Amino acid sequence: MDHSQAPVLDALAAYHAEGQTPFTPPGHKQGRGADPRVRAALGDAVFHSDILATSGLDDRKSSKGVLSKAQELMADAVGADHTFFSTCGSSLSVKAAMLAVAGPHEKLLVGRDAHKSVVSGLVLAGIVPVWVDPTWDPDLHLAHPPSADAFRAALAEHPDARGALVTTPTPYGTCSDLAAIAELCHERGVPLIVDEAWGAHLPFHPDLPTWAMDAGADVCVTSVHKMGSGLEQGSVFHLQGDLIKPEVLQSREDLLGTTSPSVLLYAALDGWRRQMVEHGHALYDDTLALAGTVRARIGDIQGMHVHGRDEFCGPGRAHDLDPLQITVDITGLSTTGYRIADWLREHHHINMHLSDHRRTSAQLTHADDTESTEKLITALLDVSAHADELRPAEPVFVPDPGSLRLEQVMLPRDAYFGRVEQVPWEKAAGRVTAEMLTPYPPGIPAALPGERLNQDVLRYLREGVDAGMVVPDAADPEVKTVRVAIED
């Protein structure tokens, strides 16, 4: 296919060249009605390109096929059979994939390190989760994606499961053995969904981890806004094989998606695909080399240690590592990642990717260069020199894996929509949570609806918030009280 085309961008250019006058939404009418202060902040180009997808970019019957052509090009670029654009982020895309595989009261194998959007899908659909435990590193206090052996055991114990879902790469960059997991699923004739939100770049360079479609997954969900050049909420999901019908997946997306999709988001997705096909390999040659240099320089900073493949990958750990997620252990500075991140933002206007009780991380993409990374290294050198200002840090109790792993005693949907009450956190142990309690980022629930809380997890969350952890989806973000189910 001719990847020099960009159907959405070309249609936008034609719209402007023809001087079309809309008597349709959006109501700002090419920005003429927008407050001048808003136009000054956002720029006129945003409003000029914010047009209706139909009766604007395309006609009422979509006979020009602008979107379908753009999606065909995207599928061809990455070797998928079908690709669908989403303007509601991968949070919607992964729910659509789940609903295409399992329905109410049907089982789905799910890695317990799933993003909160997956849990939201369980709540909405009434799917029965069969949790597959992540691989836990007891020395680093870090969870890697579940192993193929863990999925093998779950499939054997639950032969009636309709499919499986795994999250890889994790926000820390660690990856599952997707080829092995896909083979296990296909031996039983069930599909594999991969939440590859952090892997938009993976198809475009051989030195990056194997991406989901090449590994044999049936559906792959990707956040182009995370590691690509998409605008926020720009997501795609890819399909291959015959275990999930494309019309079913499209129908599930239509059930959840907006009827007013953003042409801005479509255009950015379309342009990113062209950029990657034409220049992706060369761009990631440079980015991977830059990442190697940055890793080495940060590793030389006093009190900092950069995790690499030798620590994250191997037997009993992850299968592979994306080197563009640079995870820095800062325990040598005797403080927390939360404090490091806050200090960097305040003093250097540097925003780190994610932080926890002993780490902070930086995400590199093809957009980074020596100028941006020099700012990062300068800031990290400075925070190391001022580490005494960040001590003593609030202690954070981190339970062992057995205590972190709560028992699922109710369907997530039943707990979430059932009768609830708000109780002090000190009295919540033994109760069934009716909400998600999610340290963010990375957005993996420590407790989710239907799980029975224990004192260790509650203490971890309460002390974490005091130390700088953010739990934004809780009814009480300070976790001084917790929403729990009223059990008969």
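Determine the gain in length on full extension of the stretch CYS313-GLU18; use 0.36 nm per residue of separation and subtract their C-alpha separation, reporting nm with one decimal.
Extra length from CYS313 to GLU18 when fully extended: 100.7 nm.
At q = 0.28, 0.29 Å⁻¹, work out log10 I(q)/I(0) for the stretch 74-144 with the Debye formula, treating every Cα as an identical point scatterer and leaving solvent out; two decimals please.
For the requested q values the scattering log ratios are -1.16, -1.20.
Could you give me D for the stretch 123-176, from Stokes-Einstein at 4 °C and 1.567 mPa s, where the hydrodynamic radius is the Kirkwood radius over C-alpha pairs? Units µm² s⁻¹, please.
In µm²/s, the coefficient is 104.
What accessible area per residue comes out for the stretch 358-444, rounded to a whole number of Å², with a 1.4 Å probe?
48
Need one word for the stretch 39-161: rounded, prolate or oblate. Basis is the Cα gyration tensor (sqrt eigenvalues a ≥ b ≥ c); a/c below 1.5 gives rounded, then a/b vs b/c decides.
Prolate, since a/c reaches 1.5 and a/b exceeds b/c.
Got a sec? Which residues in the stretch 88-127 would a label at ASP473 touch, if it sits 7 Å along Cα→Cβ and we count backbone N under 11 Å?
Inside the label zone: 91, 114-124.
Give the residue from GLY27, ALA14, GLY89 lying farthest towards the positive end of the charge dipole for the stretch 1-104; charges sit on Cβ (+1 for Lys and Arg, -1 for Asp and Glu) and the dipole is referred to the Cα centre.
Positive-most Cα among the choices belongs to GLY27.
How would you classify the stretch 189-318 from its alpha-carbon gyration tensor, with a ≥ b ≥ c the square roots of the eigenvalues: rounded for a/c under 1.5, else prolate if a/b is greater than b/c, otherwise oblate?
prolate
Among TRP425, PRO445, ILE377, whose Cα projects farthest towards the positive end of the dipole of the stretch 363-461, with charges put on the beta-carbon of Lys, Arg (+1) and Asp, Glu (-1)?
Checked the options; the winner is TRP425.
To one decimal place, what Kirkwood hydrodynamic radius in Å is obtained for the stretch 369-426 from all pairs of distinct Cα atoms?
17.0
Rounded, prolate or oblate for the stretch 126-246? Axes are the square roots of the Cα gyration tensor eigenvalues, ordered a ≥ b ≥ c, and the cut-off for rounded is a/c under 1.5.
oblate
May I ask you to list the residues of the stretch 65-85 whose amide nitrogen lies under 20 Å from a point 7 Å from Cα along the Cα→beta-carbon direction of THR258?
Under 20 Å, as judged by backbone N against the label point of THR258, lie 66-68, 70-71, 84-85 of the stretch 65-85.
Rounded to the nearest 20 debye, what is the charge dipole size of the stretch 362-488 about its Cα centre when +1 sits on each Lys and Arg Cβ and -1 on each Asp and Glu Cβ?
It works out to roughly 560 debye.
Of the peptides 330-343, 372-385, 186-199, how do they stack up when ordered by the mean number of other Cβ atoms within 10 Å, highest first?
Answer by packing, highest mean first, reads 186-199, 330-343, 372-385.
Once neighbouring chains are kept in place and the probe is 1.4 Å, which whole percent of the accessible area of the chain is contributed by carbon and sulfur?
Carbon with sulfur: 50 percent of the solvent-accessible area.
Using only alpha carbon pairs under 8 Å that are at least six residues apart, calculate the relative contact order of the stretch 153-254 and give it in whole percent.
Reported as a whole number, the value is 22 percent.
If you compute mean projected area of the Cα convex hull in nm² for the structure shown, which of (i) 25.3; (ii) 61.8; (iii) 24.1 do you land on?
Evaluating mean projected area of the Cα convex hull in nm² on these atoms matches (iii).
Over the chain, what is the mean sequence separation of C-alpha contacts under 8 Å (at least six apart), divided by residue count, expressed as relative contact order in percent?
Averaging sequence separation for qualifying contacts and normalising by length gives 14 percent for the chain.
Which percent of Cα-Cα pairs in the stretch 399-445 sits in each 10 Å bin, short to long?
Calculated over all Cα pairs of the stretch 399-445, the distribution is 20, 53, 26, 0 percent.
Once label points are set 7 Å from the Cα along Cα→Cβ at both THR370 and HIS347, what is their separation, rounded to one decimal in nm?
For the pair THR370/HIS347, the computed spacing is 2.6 nm.
Quote to one decimal, in nm, the extra length available between VAL248 and ASP35 on full extension: 0.36 nm per residue of separation minus the C-alpha distance between them.
72.5 nm
Return the percentage of antiparallel bridges among DSSP beta bridges fully within the chain, rounded to the nearest 5 %.
Of those bridges, close to 65 percent are antiparallel.
Take each of the peptides 319-329, 167-177, 86-96, 288-298, average the number of other beta-carbon atoms within 10 Å over its residues, and list them starting from the highest.
Most protected by this proxy first, the peptides run 167-177, 86-96, 319-329, 288-298.
For the stretch 46-137, with every protein chain kept in place, what is the accessible area per residue (1.4 Å probe, Å²)?
Result: 33 Å² per residue.
The values are calculated or read from the model by the stated rules, or taken from the named source; none is laboratory data. Small disclaimer: the values here were computed from a predicted structure and weren't measured. Don't worry about glycine lacking a Cβ; one is built from the backbone with ideal geometry, like all the others, and counts go over all protein chains shown. When the accessible area is computed, the model is the full protein with side chains, heavy atoms only, and any ligands, DNA or RNA have been set aside. Shrake-Rupley method; radii C 1.70, N 1.55, O 1.52, S 1.80 Å.
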